[in-house]
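Engineer: I'd like to ask some things about the structure below.
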Amino acid sequence: MTLEREKMKTTEFHKWVGYQIYPKSFKDSNGDGIGDLRGVIEKLPYLKSLGVDVLWLNPVYASPQVDGGYDISDFCAIDPMFGTMADFKELLEKVHALGMKLIMDLVVNHTSDQHPWFIEAQKSRDNKYRDYYLWADATEDALPNNWRSFFGIPAWTYQAATKQAYFHVFASQQPDLNWKNPALREEIYAMIRWWLTLGIDGFRLDAISHIQKAPWDFKITSLKGNGPWQPFMNVAGIEHYLSDLRAIFEANGAFTVGEASGVTSDKASAWTDDDGYMDAIFELEHRVIAPNGHASISGYKKVIMRWQQDLQAGGGWNALYLENHDGPRSIDLYGDGTVASAKALAVSFMLLRGTPFIYQGQELGMPNFPFQTIEETTAPENQAAYEKLILSGLTEKEALDKVTKNSRDHSRTPMKWPDDTFTTADRPWMVELQDFTAKLELTELYRALIALRHDEPAISDGAIDFLFTTHPQVLAYTRDDFLILTNLSTKKAHLSFPPNMVKYKQVLGSTRRQLTENMTLDAWSYHVFQRADS
Ligand code: TEU
Ligand code: CA
């Protein structure tokens, strides 16, 4: 019995709601224009008042900031721009005192090229750290293979000094670590234990599905969709490393959410069920872009339904989200810029089966940024994409529009606090929205949805079933005795329910409504009903 219990993961996190903080843009405490850890400390009462349970901090480690801190030069140091280790410890203590949890980004697919390991590794072929990274013979014009990086450049960078190239799935300043090397793995495992011993509550596992690579002679057969990334997406052999990681997480009671791009919905339960490697994963499929550049709601719906059904059948678990630091703002991408659309979208994802994460500013209805020049953007892939478009003959304006349409920079502009400024500096580190008013009725709705997740076992742990599955704009589902209806469109929607239905009462809604046999849902509306007999 005890053994059995120990083997089973706890499922406390089914009730939790997460909040993602991009510290650089959250709150600046010392007037240098850059958000920092003391800024997060200042805003803890706000986070507590929302009701969220777990905070995910984007990377605050020492970093040259080529890729928003995902290029780490020291895993165990706080970047001075964010504060000190003492600030971090104070933050952790205060988060815990408020009954919340703190998880950190764990970035172990790669390091910065300024990490001491890489600085050593590039010195010579027989350097002690050479094998911490991935090298292959090359010449200036002949790289080891034709694999591409996610950032639109070759996945190899040639180094004349040793006549070899090193491998990177992201920027060239982010060399990939060689997980096949046991010495490297031990260093990483020790680092993970160090953070857990410090008292943090777990990790968001960055790009974790990419840590294993196919043999270098693997041929890419398709350039469509995830085709180009096949040689480093959930490649066989990864299970050994993930099992090692699970053992460490489990021994330390860590809560873990993997960013598992390329792990398909039918395979995801094996990653996250009772015997899975981690508690939950983020899927990266539901942002389906339509030809007009907006998200396709029917695409979103199809992907969400498939993931929910597959994970329920397999006993797996998702982390749910509409926004993060890697994409545009949902009010503009999925919605039509109105607060009504943001509200219907909030209801559509917050009550699904999984652990939702709200991204900073999402609860205020922060929109995309109207970029005017390429210099206003910060993500490393923008510049290369822009230059390519200019070379292909586009005007600056056309190239900028194309690059920024779905840029992740939209989510990285400074937080617009309803009753406070982001910084006292004349200029924040990044362009900031002007004339924005926080949508406080949206914040209130988020509070209500969070409370439902805490108070109703049907919402945290109940079964999910979808209704009107082929309707192009209505996302509707039951969670045991709850019925959730959302119209994710500017058009009205007509629904018919069977006669003699059991009675339902309305729990939340965009307007006061009864559940009736024939219902017309207004544009961007939502209704949460519960069986009256329960
Ligand atoms: O993103 C990784 C990421 O999005 C890829 O794993 C994904 O598979 C790919 O873009 C295809 O859609 C994470 C961070 O969220 C991001 O901010 C970093 O830039 C990146 O890792 C590198 O660390
Ligand atoms: Ca600061």
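Engineer: Give LYS24/LYS439; LYS301/LYS439; LYS24/LYS416; LYS94/LYS416 a once-over and call out the pairs whose C-alpha atoms are over 20 Å from each other. Present the calculation step by step, with values, prior to reporting the outcome.
Structural biologist: Details: LYS24/LYS439 22 Å; LYS301/LYS439 25 Å; LYS24/LYS416 13 Å; LYS94/LYS416 23 Å.
Distance filter (> 20 Å) returns LYS24/LYS439; LYS301/LYS439; LYS94/LYS416.
Engineer: Given the convex hull of the Cα atoms of the range 418-534, what is a quarter of its surface area in nm²? Display every interim value, and only then the final one.
Structural biologist: Working: hull surface 41.5 nm².
Taking the Cα atoms of the range 418-534, their convex hull projects to 10.4 nm² on average.
Engineer: Return one number: the angle in degrees, 0 to 90 and rounded to the nearest 10, between the long axis of the Cα atoms of helix 85-97 and the longest principal axis of the Cα atoms of the chain.
Structural biologist: The angle comes out at about 20 degrees.
Engineer: How would you order 401-413, 434-446 from highest to lowest mean count of nearby Cβ atoms within 10 Å?
Structural biologist: Working: 401-413: 20.7, 434-446: 15.0.
The peptides rank, most packed first, as 401-413, 434-446.
Engineer: Give me the dipole magnitude in Debye, nearest 20, for the range 116-167 about the Cα centre, with unit charges on the beta carbon: positive for Lys and Arg, negative for Asp and Glu.
Structural biologist: Working: 6 positive and 6 negative charges, 23 e Å.
For this selection, approximately 120 debye.
Engineer: I would also like to ask the following. Could you give me the ³J(HN,Hα) list for the range 390-400, computed from phi with Karplus coefficients 6.51, -1.76, 1.60 and θ = phi - 60°, whole Hz, x at Gly and Pro?
Structural biologist: 4, 4, 7, x, 6, 6, 4, 5, 4, 5, 4
Engineer: Let me ask something else. Mind checking which lysines have their Cα closer than 17 Å to the Cα of LYS15? Skip sequence neighbours fewer than 8 apart in that chain.
Structural biologist: Here the lysines satisfying the reach criterion relative to LYS15 are LYS48, LYS101.
Engineer: If you don't mind, there's one more thing I want to ask. Could you state the angle between the C-alpha long axis of helix 238-251 and the longest principal axis of the C-alpha atoms of the chain, as a value from 0 to 90 degrees rounded to the nearest 10?
Structural biologist: Compared with the principal axis, the helix lies near 70 degrees.
Engineer: Here's another thing I want to ask about it. Filter the cross-link list LYS43/LYS343; LYS123/LYS163; LYS302/LYS503; LYS219/LYS267 down to pairs whose alpha-carbon distance in this structure exceeds 20 Å. Don't jump to the answer; show the numbers that get you there.
Structural biologist: Working: LYS43/LYS343 24 Å; LYS123/LYS163 11 Å; LYS302/LYS503 29 Å; LYS219/LYS267 23 Å.
In this structure, LYS43/LYS343; LYS302/LYS503; LYS219/LYS267 lie more than 20 Å apart at Cα.
Engineer: Order 213-224, 250-261 from most to least packed using the mean count of other Cβ atoms within 10 Å. Provide the component values of the computation, followed by the final result.
Structural biologist: Working: 213-224: 11.7, 250-261: 20.6.
Listed from highest to lowest mean packing, they are 250-261, 213-224.
Engineer: Using +1 at the Cβ of each Lys and Arg and -1 at the Cβ of each Asp and Glu in the chain, identify which of SER73, THR378, SER265 lies farthest towards the dipole's positive end.
Structural biologist: Comparing the listed Cα positions along the dipole, SER265 ranks first.
Engineer: Using the crude model of +1 on Lys and Arg Cβ and -1 on Asp and Glu Cβ, and no other charge, please compute the dipole size for the chain relative to its Cα centre, in debye to 20.
Structural biologist: Details: 53 positive and 70 negative charges, 245 e Å.
With only Lys, Arg, Asp and Glu charged at Cβ, the dipole is about 1180 debye.
Engineer: If you don't mind, another one. Which FRET efficiency value, to the nearest 0.05, is calculated for ASP74 and VAL502 with the Förster distance at 45 angstrom and r the Cβ-Cβ distance? It would help to have the intermediate numbers written out before the result.
Structural biologist: Working: r = 59 Å, r/R0 = 1.32.
For ASP74 and VAL502, the calculated efficiency is 0.15.
Engineer: How far apart, in nanometres, would the label points at PHE466 and SER124 be if each is projected 7 angstrom from Cα along the Cα-to-Cβ direction?
Structural biologist: 6.0 nm
Engineer: Using a 1.4 Å probe over the heavy atoms of the protein chains, calculate the carbon and sulfur portion of the accessible area of the range 116-167 as a whole percent. Intermediate values should be presented prior to the final figure.
Structural biologist: Details: 1350 of 2680 Å².
Ligands and nucleic acids excluded, carbon and sulfur give 50 percent.
Engineer: Taking Cα pairs under 8 Å and at least six residues apart, what relative contact order does the chain come out at, in percent?
Structural biologist: 13 percent
Engineer: Can you give me the Cα centroid spacing of the range 275-354 and the range 146-195 in angstrom?
Structural biologist: Using only Cα atoms to place each centre, the spacing works out to 30 Å.
Engineer: Give the angle, between 0 and 90 degrees and rounded to the nearest 10, that separates the Cα long axis of helix 339-350 from the longest principal axis of the Cα atoms of the chain.
Structural biologist: In the chain, helix 339-350 runs at an angle near 80 degrees to the longest axis.
Engineer: Can you give me the long-range amide H partners of GLU283? Hydrogens built in the peptide plane at 1.01 Å from N, cutoff under 5 Å, separation of 5 or more residues or another chain.
Structural biologist: ALA319
Engineer: What ranking do 328-341, 114-127 get when scored by the average of other Cβ atoms within 10 Å per residue, highest first? Spell out each step's value before the answer.
Structural biologist: Values: 328-341: 20.9, 114-127: 16.4.
Highest to lowest by the protection proxy: 328-341, 114-127.
Engineer: Moving to a separate point now. Wrap a convex hull around the Cα atoms of the chain, take a quarter of its surface area, and give that in square nanometres. Write down the numbers at each step before the final one.
Structural biologist: Values: hull surface 103.9 nm².
Over every viewing direction, the Cα hull of the chain projects on average to 26.0 nm².
Engineer: Would you work out which of PRO231, SER243, THR221 lies farthest towards the positive end of the dipole of the range 165-248? Charges go on Cβ: Lys and Arg +1, Asp and Glu -1.
Structural biologist: So the residue we want is THR221.
Engineer: Taking amide H positions as placed 1.01 Å from N in the peptide plane, with prolines and chain starts having none, which residues 5 or more places from LEU467, or on another chain, fall under 5 Å of its amide H?
Structural biologist: So LEU467 has HN proximity to ALA476, TYR477, THR478.
Engineer: Using the Cα atoms as the points, what is the convex hull volume per residue of the range 45-129 in Å³? It would help to have the intermediate numbers written out before the result.
Structural biologist: Values: hull volume 9.2 nm³, N = 85.
Output value, Cα hull per residue: 109 Å³.
Engineer: Mind checking the full-extension length gain between HIS494 and ARG512? Use 0.36 nm per residue of separation minus the Cα-Cα distance, one decimal, nm.
Structural biologist: Working: separation 18, 0.36 × 18 = 6.48 nm, distance 1.69 nm.
Difference between extended and current length: 4.8 nm.
The values are calculated or read from the model by the stated rules, or taken from the named source; none is laboratory data. No experiment lies behind these values; they were computed from the predicted model shown. When we count neighbours, we look across all protein chains shown, and the Cβ atoms used for this are built from the backbone with ideal geometry, even at glycine. Accessible surface areas use protein heavy atoms only, side chains included; no ligands, DNA or RNA. Shrake-Rupley method; radii C 1.70, N 1.55, O 1.52, S 1.80 Å.
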